[in-house]
Amino acid sequence: MATFRLQGSKVLAVSMTGDAVKAKNGSMVAYDGQMAFKKMSGGGEGLRGMVTRRLTGEQMEVMEVRGQGTCWFADRASEINLVSLHGDKLWVEASNLLCTDAGLRTGTTFTGLRGGATGNGLFTTTVEGTGQAAIMSDGPAVLLRVTPQYPLQVDPGAYIAHQGNLQQHFQSGVTFRTLMGEGGGEAFQIRFEGDGLVYVQPSERNTIGGDI
């Protein structure tokens, strides 16, 4: 299995000994050793299901990297966070997924009508199995715990990913800005209930659901 490690907070180094990873196309910034690169895109099951942008028809391209040596990945100076999976599942916005072990299964899941980021929104990428994934955030990500006693309300523009036994509910007509008397139009919050973790970023994306 490939070894993931961070160099600083914005560069991911992946050491491989004949194994492979899947990474966002164009995110490789350097490598040493012998590497083979294969571009992948399209719809369907597994990895191909991950890259289809169902809301706009836009496709996100990914590549498979296989070989002996080390590859370094980065994307627009985004902060990078490592997530270890042990047979469980991670839900993550496709634009926030940088790299995964090749053995992890990826796909898409319908999450309901909501005010998501442009190009995201109705479908969320799923990553499951045993291995590591690298997710990106605009600024240092914050990991928030959800328990049955303490549900969590999240601005869709700040949401990155979540894992655990969580249920999502999309509430329309209110955001953190409209609570303060700002913003207008239709708007949304995401409510998480159950037991798990939610990753949020300190910078909000522009959304299609109104002022968030």
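Just so you know, all these numbers are worked out from the coordinates, no wet-lab data involved. As the structure is a computational prediction, the values presented were derived from the model and not from experiment. Note: ideal-geometry Cβ built from the backbone for every residue, glycine included; neighbour counts use all protein chains shown.
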Exercise for the section: List the lysines whose Cα lies under 16 Å from the Cα of Lys39, skipping any in the same chain that are fewer than 8 positions away. Expected result: Lys22, Lys24
Exercise for the section: Mind giving me the nanometre distance, one decimal, between the label points for Trp72 and Leu6, set 7 Å out from Cα along Cα→Cβ? Expected result: 1.7
Handout entry: Label point at His86 placed 7 Å out along Cα→Cβ; residues across the stretch 135-170 whose backbone nitrogen lies under 19 Å
Key = 144-146, 162-166
Practice task
Determine the gain in length on full extension of the stretch Ser172-Val142; use 0.36 nm per residue of separation and subtract their C-alpha separation, reporting nm with one decimal.
Solution key: 8.4 nm
Fill in the blank from the handout: Once phi for every residue in the stretch 29-35 is put through the Karplus expression 6.51 cos²θ - 1.76 cosθ + 1.60 (θ = phi - 60°), the whole-Hz ³J(HN,Hα) values, with Gly and Pro written as x, are 10, 6, 7, 10, x, 10, 10
